[in-house]
Amino acid sequence: MKFFNELIETIMSKSRAGFGLSNKPSVSFSSDPKEMITSVMTAVGEVSSITYADQFLREFDKMDDSQKKSLFLTIAAELDIDLSILRNALENYSEMPGEENFIHITKAVEPGWTELVRRLNATAHGTVRLVKMRADLLSIAHKNDSLARIDVSFKALLRNWFSPSFLVLRPIDWSTPANILEKIIAYEAVHEIKSWDDLRSRLAPDDRRCFAFFHPSMEDEPLIFVEVALTSEVPGQINAVLEKDRKMLSSSDASCAIFYSISNCQKGLAGISFGNFLIKQVAQALQSEYPNLKNFLTLSPLPFFSSWLEKTEPITFTNFAEIDWSDATEENEKKLLEAAGRYFLNSTRKDKEPNDPVARFHLGNGALLDRINLGGNLSNRGISESFGIMVNYRYDLPNVEKNHEAYAKEQKIEISQDVKKLFKTP
């Protein structure tokens, strides 16, 4: 293992340094999109290729959104598949399906921008720079077929480079380097971290844990991080978890691990699956340290319930928007639960997966829908997103793989008996 770890570290160190070639003197480089592309694609030899690719990325970083869009559109126009070459390759292969003709097809079917991205990745910190470049692409590619085609190839390359087998799970605590902690604050997507004191309250106490997934080529950039509360019972309200003045629980007395915030950190990796069972890895890491932990659940938001209801049931949405959910009547709560049941059980998506993205993530990871919590988050954001509802998804470790397979093959959602009674469904 020591030999293997040193081997991986050597490879990644070379990648971060551009194989020692990116520090060569700058070459003459134009900011014209066509010339930028030509400089990289026609470079002969590894030194020239990396040098021009590095200059390409430096020039890209200087551009505003309009200039970046112009560059991407030029890439789409200049480096698309040459259909005449592809037709000829297909005809030759149909007549003689040998190795050489097969190679010609594989080359002809690949757009030139795929090779451009590969060359850019050879620069120092190339993978990090490309993830940021894709974030820019996604921000301007909306409803543009040319840019969407580029992203198909971009996404395929990133999916290969970010194979789940390369991800490394690391605990995050108050002794973690400050540059990582700053990113935890910046990337928190569920419950805002307002200050360093706020962060300390989530990392330092004995009943709090945090884990992050890293990739070897992005060692200072967390991909996903998970915040965990160790409790003696399953909470239904987020205030009980975030309260700084709570009675602290010794980790040895905890029986529940509550995943209350899961944040994807890199916009440029949107749509790139890091594999299933990420949360199970965190649960297993916790269980190995604290064998007394028996229950592993989330306390999750429903970030799009309100907007879904506004689109599919506008009258119901309008009625709910007028209610003070901190003092709702029993009848109001009954109607809210009925609407939540429709949201969870009646998909309006083309692929028929659950309407809620958080549900898709956890059910895809093998969890089950365990409990619906009215009044779980009565903050302005909680009311705006879901009229205060929060959800517990349970990770029953022995059944995670079985649940995942049922969801993947049959889109079957595992639901607890309590939720079945609540939604009045078999």
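The values are calculated or read from the model by the stated rules, or taken from the named source; none is laboratory data. It should be emphasised that the depicted structure is a prediction, and the values quoted were computed from it without experimental measurement. Glycine also receives a Cβ, built like all others from the backbone with ideal geometry; neighbour counts cover every protein chain displayed.
Please go through the range 377-406 and give me each residue that is among the small types (Gly, Ala, Ser) and touching a Ser or Thr at 6+ places or on another chain (Cβ under 8 Å), ordered by number.
Ser384, Ser386, Gly388
Within the range 395-417, is there a residue that is in contact with a strand residue (DSSP E or B) (Cβ under 6 Å, 6 or more places away or on another chain), under 21 Å from Phe296 (Cβ atoms) and of a type in the set (A, V, I, L, M, F, W, C)?
Within the range 395-417, one or more residues are in contact with a strand residue (DSSP E or B) (Cβ under 6 Å, 6 or more places away or on another chain), under 21 Å from Phe296 (Cβ atoms) and of a type in the set (A, V, I, L, M, F, W, C).
Could you check the range 247-339 for helices (runs of 4 or more DSSP H) lying wholly inside it with 1 or more residues that are buried (at least 17 other Cβ atoms within 10 Å of the Cβ) and in contact with a strand residue (DSSP E or B) (Cβ under 7 Å, 6 or more places away or on another chain)?
Filter on the range 247-339 gives 278-289.
Yes/no per residue for (1) among the hydroxyl-bearing types (Ser, Thr, Tyr); (2) at positive phi; (3) touching a helix residue (DSSP H, G or I) at 6+ places or on another chain (Cβ under 6 Å):
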site	(1), (2), (3)
Lys267	no, no, yes
Asn276	no, no, yes
Ile279	no, no, no
Val282	no, no, no
Pro291	no, no, no
Glu322	no, no, no
Glu338	no, no, no
Lys352	no, yes, no
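Does the range 300-312 contain at least one residue that is among the acidic types (Asp, Glu) and at pLDDT 95 or above?
Checking the range 300-312: at least one residue is among the acidic types (Asp, Glu) and at pLDDT 95 or above.
Could you please give the count of residues in the range 264-321 that are among the charged types (D, E, K, R) and in contact (Cβ under 8 Å) with a residue 40 or more places away in the chain?
Total meeting the criteria: 2.
On the given criteria, is Asp151 surrounded by 14 or more Cβ atoms within 10 Å (Cβ to Cβ), over 17 Å from Leu278 (Cβ atoms) and in contact with a helix residue (DSSP H, G or I) (Cβ under 7 Å, 6 or more places away or on another chain)?
yes
Just to verify a result, which residue in the range 157-186, among those that are hydroxyl-bearing (Ser, Thr, Tyr) and at pLDDT below 90, is farthest from Glu110 (Cα to Cα)?
Ser165
How many residues are under 18 Å from Phe304 (Cβ atoms) and in contact with a strand residue (DSSP E or B) (Cβ under 7 Å, 6 or more places away or on another chain) when one looks only at the range 364-381?
5
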